[in-house]
1. Of all the residues that make up segment 110-142, how many are open to solvent by 30 Å² or more (accessible area, probe 1.4 Å) and part of a loop (DSSP other than H, G, I, E, B)?
2. May I ask you to list the residues in segment 93-109 that are open to solvent by 40 Å² or more (accessible area, probe 1.4 Å) and either of a type in the set (Phe, Trp, Tyr) or modelled with pLDDT of 55 or more (or both)?
3. Residues of segment 166-210 being in contact (Cβ under 8 Å) with a residue 60 or more places away in the chain and out of contact with any strand residue (DSSP E or B) (no Cβ under 9 Å at 6 or more places or on another chain), which ones?
4. Are any residues in segment 240-261 among the aliphatic types (A, V, I, L, M) and closer than 18 Å to GLN173 by Cβ, and if so, which ones?
5. Which ones in segment 289-304 are more than 17 Å from the chain's Cα centre (by Cα) and surrounded by 13 or more Cβ atoms within 10 Å (Cβ to Cβ)?
6. Could you say which residue among SER261, SER325 is touching a Ser or Thr at 6+ places or on another chain (Cβ under 8 Å) and hydroxyl-bearing (Ser, Thr, Tyr)?
7. Among the residues of segment 255-281, which ones are open to solvent by 30 Å² or more (accessible area, probe 1.4 Å) and assigned to a strand (DSSP E or B)?
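The values are calculated or read from the model by the stated rules, or taken from the named source; none is laboratory data. These numbers come from a predicted model, not from an experiment. A quick note on method: Cβ atoms are made from the backbone with ideal geometry, for glycine too, and the neighbour counts reach across all protein chains shown. Just so you know, the surface numbers come from the protein's heavy atoms only, side chains and all, with ligands and any DNA or RNA stripped out. Shrake-Rupley method; radii C 1.70, N 1.55, O 1.52, S 1.80 Å.
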Amino acid sequence: MLTLRYLLVLLCTAVLGACKISISVPEGGSVTTRSGSLSCPGGETCVVNVVDLLFDETFVARPADGYRFEGWRKQHRGLCGGTTAPCRLFTSGFAGNDALMAFLASDEVFFLNPVFEAASGNDYGTQPLSACFSPDLFRQGTRFVSEYRRPGPGGGYFVAEFDQVIDGTGLFQGNPAIRMRLEQRSEGELLATNLTWFSINLGAQRLQYYGSEVETAQPPLTSATLTLAPFKLNRWDLAAGQSFQQNYSSTLQDSRGSSSSQTVELKTTYLGTETITVPAGTYTACRVLEESVETGGTGVPARSSETQWYALGTGILLRSESEDSYQEFLRGAINGVPQ
C-alpha cells in the first residue's frame with residue numbers, strides 16, 4: 001500500500017505545474033529545506049509549487065530555543081505524518097506514465113505541518129533513537145565537513161576541523177566493510193588521517209564497527225591500527241529509556257611494534273530527546289549515555305562514561321561529554337549543504 005508521501009509524488013507528477021505543498025509553521029520553530037531554497041519561520045504559512053519532474057527537496061523542522069520537534073502532523077492529505085525524520089519529497093521516475101499524467105484534472109494541495117512542543121524541566125521526549133539516525137551520513141560519496149571545539153589546556157578553546165567522506169569498501173581483518181576517511185586539521189594544517197571500517201544494516205538501523213587505521217601528519221610521524229573483535233555495535237533502534245549491553249576486545253598496535261589489548265563491557269542507554277544549545281544553534285537532540293568497564297593487562301577494571309547528543313533528523317553529533325572534558329559542534333555541511 002502506498003503511503004501518502006509517495007502518493008504525493010504520483011499525484012504531483014500527474015498534474016505538472018498544479019501541485020502545491022502548504023506548510024503551516026506554529027510558534028516554536030521553523031521549516032527549512034536542505035537545498036536552502038526555503039526558510040519558513042514560526043507563525044507563517046508557506047506554499048511550495050511543484051512545477052516539474054525534477055522536484056526533489058528534503059524538508060527539515062528546526063525547533064526554537066525551549067521547544068522540541070514532536071513530528072509531522074497526521075492529517076488528511078498530510079505528508080510524512082507521524083514521523084520525526086526530515087521529509088524528502090520528489091517527483092522523478094514517473095515520466096511517460098499516461099495513467100499518472102492524467103490522474104488529476106484540477107489543482108491539488110497537500111500539507112506538511114510540523115508540531116513543536118515547549119520543553120519543560122528535565123523531561124525527555126519519547127521519540128525513538130531512530131529519529132536521530134540518518135542513513136545519508138553513511139552512503140558512498142557522502143562528505144561531512146565540520147568544526148568542533150573543546151577546552152584548551154591553557155584556557156580558551158581548541159578548534160578541530162574534520163573532513164569526513166565515505167569513500168570505498170574493502171576488507172578489514174577479514175571483514176567485508178565500508179571505509180570512512182577522516183582528515184583532522186587545526187587552522188588548516190593536517191594533523192592526522194583516520195580510516196574507519198564498518199558495516200551497516202539499514203533495515204535494522206544498526207552499525208558494526210570493526211576498527212580503524214590512523215596516521216599522524218605531524219612529527220613524530222606514527223601509524224597505528226585499532227581492532228575491535230568481533231565488533232562494536234551501534235544500535236539506533238532503541239526506544240526512550242531502553243538499554244543494551246555488549247562485550248568486545250580492543251587491540252591497538254602501532255608502527256613501532258608495541259601492542260596493547262583490553263576487554264570492554266559497554267552499556268548503552270538511550271534517555272530520550274531534549275533541546276540542546278551549542279555554538280552552531282539550538283536543536284532537538286537524542287541523548288545517549290555510554291558506560292564502559294575496560295580491563296587491560298593489569299586486570300584492574302577502569303570505569304568511565306560519556307554522554308552524547310545527536311541532532312534530530314541529521315544524526316550529527318552535537319556534543320559529547322565525559323568526566324573530564326567535552327566537545328561541541330561549531331558548524332558543518334553535508335555534501336555542501338550547511339546544517
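1. 11
2. If the condition is that a residue be open to solvent by 40 Å² or more (accessible area, probe 1.4 Å) and either of a type in the set (Phe, Trp, Tyr) or modelled with pLDDT of 55 or more (or both), then GLY93, PHE94, ALA95, GLY96, ASN97, PHE103, ASP107, VAL109 are the ones that fit.
3. LEU202
4. LEU252
5. Once the filter is applied, which keeps residues that are more than 17 Å from the chain's Cα centre (by Cα) and surrounded by 13 or more Cβ atoms within 10 Å (Cβ to Cβ), segment 289-304 yields GLU290, GLU291, SER292, VAL293, GLU294, THR295, GLY296, PRO301.
6. Numbers: SER325 fails: touching a Ser or Thr at 6+ places or on another chain (Cβ under 8 Å).
Testing whether each residue is touching a Ser or Thr at 6+ places or on another chain (Cβ under 8 Å) and hydroxyl-bearing (Ser, Thr, Tyr) leaves just SER261.
7. Once the filter is applied, which keeps residues that are open to solvent by 30 Å² or more (accessible area, probe 1.4 Å) and assigned to a strand (DSSP E or B), segment 255-281 yields SER259, SER260, SER261, GLN262, THR263, GLU265, LYS267, LEU271, GLU274, THR275, THR277.
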